[in-house]
1. What does the net charge come to around Val140 if you take all other residues with beta carbon closer than 14 Å to its beta carbon, with K and R at +1 and D and E at -1?
2. How much length is gained if the chain between Arg58 and Ser164 is pulled fully straight, taking 0.36 nm per residue apart and subtracting their Cα-Cα distance, in nm to one decimal?
3. Could you work out how far the C-alpha centroid of segment 57-78 sits from that of segment 108-169, in angstrom?
4. Below 13 angstrom from the Cβ of Glu47, what's the summed charge of the other residues (Lys, Arg +1; Asp, Glu -1)?
5. So what's the net charge close to Ile160: Lys and Arg +1, Asp and Glu -1, counting the other residues with Cβ under 9 Å from its Cβ?
6. At a 10 angstrom cut-off on C-beta neighbours, averaged per residue, how do the peptides 39-50, 217-228 rank from highest to lowest?
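Each value in this text was obtained by applying a stated rule to the coordinates, not by laboratory testing. What you see is a predicted model; the values in this text were computed from it and never measured. Note that each Cβ is placed from the backbone with ideal geometry, even for glycine, and that neighbours are counted across all protein chains shown.
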Amino acid sequence: MKLLGVEVGDTRRGRGDPGELGRLLERNAALRGVFAGDPKARERLAELQRWQSQRLLRSHADLRAKPRYRAAVEFFFNELYGGGDPTARDRDLQRVHRVMERLLPMEGLRALMLAIDLEILSQELDAEVVENLPPGPITVESYAAGYRGAGRRSDRERQIELLSVIGGFLDAVVKKPIIRGLVHLARRPAHAAGFGAMQEFLERGLDAFEGMKGADEFLETIRGRESRWMERLFAGVADPFQFEGSTARK
């Protein structure tokens, strides 16, 4: 369906088919309970996700200090990848994802599905790191050991790539005023239909990228840094995130 010349919604699936978004949500929900029967592992997972969020913010503190990039850094690492509390967002999605598929512009819907795909991959990798972490408080050294123990290098590369792709989608949407406007117009129907938290999540991402006035440098910087640190983690070098040296950021 087109609105103001823009493709809105995804009506390609047949009746009874949950669609791509539905399948992603089912997988994501299943992973939420990966340690449901193991309270210690569940607590360890929460500790890991907090540590990772803090690590990301520390690693990119220089970008966060710049007004142009601050909102994007916080969206990327507190909401998109940082292991925050997604309860309300997940509840919204599981309840009314079919309505969202009909209301959102295709570009917005695709960005949303990529974000869930990233969350699924991150949950899988986090669970494996938990299973490989040495006992005790999480430090750079113990995290690196758990990271290497989990392996899955190709998935780590894909995780970094997804961050860039999602950022690219958001940047493209904010450069198209009609599509950006349609996402904004969906706010009231979204709240009425019961997926207000998810709509707000999407709008926060778009607001962050709109404020940058171009995201190429931001995305290239994050991709380059995270790729370099991934290489150092797998290589087992000391200070993999380069916190102690002056070359941590470029």
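1. Net charge around Val140: +1.
2. Details: separation 106, 0.36 × 106 = 38.16 nm, distance 1.93 nm.
Contour length minus the Cα-Cα distance gives 36.2 nm.
3. About 19 Å separates the Cα centre of segment 57-78 from the one of segment 108-169.
4. +3
5. Neighbourhood net charge equals 0.
6. 217-228, 39-50
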